[in-house]
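One structure is given below, encoded as structure tokens.
The values are calculated or read from the model by the stated rules, or taken from the named source; none is laboratory data. Just so it is clear, the model here is predicted, and its values are computed rather than measured. FYI the Cβ positions are ideal-geometry reconstructions off the backbone, even for glycines, and counts take in every protein chain you see.
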Amino acid sequence: MSVRVVTLNLWGLEPDLERRLALAERQLRVIEPDVVCLQEVRHLDGRKGPTTAHRLAEALRMPSVVYATASEWPAGHFAANEPAGEDGLALIARHPLLEQRVRELPEPRTGERRVLLSGRFGVPSADQGFWVHNTHLHWRLADGIARERQVVAIDDAVRDTESAAPQVICGDFNCEPDSDEIRFMTGKHTLAERRTHYQDAYAHVHPHEDGFTWCAKNAATRRKRSLDVDRRIDYVFVTTRQKDGRGTIRSCDVTLDQRDDMGDCASDHYGVVAEIQLSP
């Protein structure tokens, strides 16, 4: 058996939200994911009630929804007239949720607390279920040291979840494949006097392609040109492939890059979808 996992930075409540959510829903219906990892998830009504993740889960008839607050900010933090708010991470899944965990990551800042949201989901081919982890790291181009500490903490969290099944780590890492943060994740760089290893699903399937997820072709990136465009910063990582085939990456592609009839995408990021083998 294999599972299909999608990651997408949902871009908060940026307009036109209803049109963006409808476009995301249409594309996700075609993909038929088992689990969707979402970043920049917001409450639809201020700081209470259902979130954008709940809206998508209901539309897709995916019964399991897990939300965790990540960043919170006071009124006026981003603009003089802007109210207090929060955003977070979410997992939505078609499989039952068996367990959930939230771990705070290093280097929290006002309005920029970072967490790892983890869910263990029950599937027929994994006796104890399988873990999916979701995160969103600091975004500034000069935040490399903070992100290094954050990926080490993510590795600690995965090591703490004893599981015979493959584990999946998704999210907006805000750094490119040749950064020390991602090189650590893929076993090519030492941090905190240790090494680890996860498969970068997209690089595994497309070793010679760019796979940009923050892309100049997406008109929504134009207001943030200072961050540089045409970068691959959204990832699906999978624990090391096992001898019996578990953890094999069957496919991986950039997704959620379609435009609606007004030329807009579902988010300022593209998503990534990967299919991963769970059973021998």
I'd like the full set of residues that are in contact with a helix residue (DSSP H, G or I) (Cβ under 7 Å, 6 or more places away or on another chain), buried (at least 24 other Cβ atoms within 10 Å of the Cβ) and touching a residue at least 60 places away in the same chain (Cβ under 8 Å), limited to segment 156-181. 169, 173
Considering residues that are under 15 Å from the mean Cα position of the chain (by Cα) and closer than 17 Å to residue 270 by Cα, the number found within segment 29-51 is 8
Could you check segment 10-27 and list, in sequence order, the residues that are surrounded by fewer than 23 Cβ atoms within 10 Å (Cβ to Cβ) and of a type outside the set (D, E, K, R)? 11, 12, 13, 15, 17, 21, 22, 23, 27
Does residue 190 meet the test of being within 20 Å of residue 143 (Cα to Cα) and within 19 Å of the chain's Cα centre (by Cα)? no
Over segment 120-135, the set of residues more than 13 Å from the chain's Cα centre (by Cα) and either buried (at least 24 other Cβ atoms within 10 Å of the Cβ) or within 22 Å of residue 271 (Cβ to Cβ) (or both) is 121, 123, 130, 131
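Each row is one residue, and each column tells you yes or no for (1) free of Cβ contacts under 8 Å to residues at least 60 places away in the same chain; (2) surrounded by 18 or more Cβ atoms within 10 Å (Cβ to Cβ); (3) touching a helix residue (DSSP H, G or I) at 6+ places or on another chain (Cβ under 9 Å); (4) not polar (S, T, N, Q).
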site: 3; (1), (2), (3), (4): no, yes, no, yes
site: 8; (1), (2), (3), (4): no, yes, yes, yes
site: 29; (1), (2), (3), (4): yes, no, yes, yes
site: 35; (1), (2), (3), (4): no, yes, no, yes
site: 54; (1), (2), (3), (4): yes, no, no, yes
site: 62; (1), (2), (3), (4): yes, yes, yes, yes
site: 83; (1), (2), (3), (4): yes, no, no, yes
Identify, please: which residue in segment 12-27 is in a helix (DSSP H, G or I) and touching a helix residue (DSSP H, G or I) at 6+ places or on another chain (Cβ under 8 Å) and is, among those, farthest from residue 73 (Cα to Cα)? 25
Give just the number: which of (1) in contact with a Cys (Cβ under 8 Å, 6 or more places away or on another chain); (2) more than 21 Å from residue 251 (Cβ to Cβ) does residue 6 not satisfy? (2)
For residue 72, which of the numbered conditions (1) among the acidic types (Asp, Glu); (2) within 22 Å of residue 166 (Cα to Cα); (3) surrounded by 15 or more Cβ atoms within 10 Å (Cβ to Cβ) fails to hold? (2)
Consider residue 184 against the criteria (1) surrounded by 21 or more Cβ atoms within 10 Å (Cβ to Cβ); (2) over 14 Å from the mean Cα position of the chain (by Cα); (3) of a type outside the set (Asp, Glu); (4) under 18 Å from residue 38 (Cα atoms): it satisfies all of them except one. Which criterion is unmet? (4)
Hey, residue 269 buried (at least 23 other Cβ atoms within 10 Å of the Cβ) and modelled with pLDDT of 95 or more or not: yes
Among the residues of segment 196-232, which ones are closer than 24 Å to residue 150 by Cα and assigned to a loop (DSSP other than H, G, I, E, B)? 196, 197, 211, 212, 213, 228, 229, 230, 232
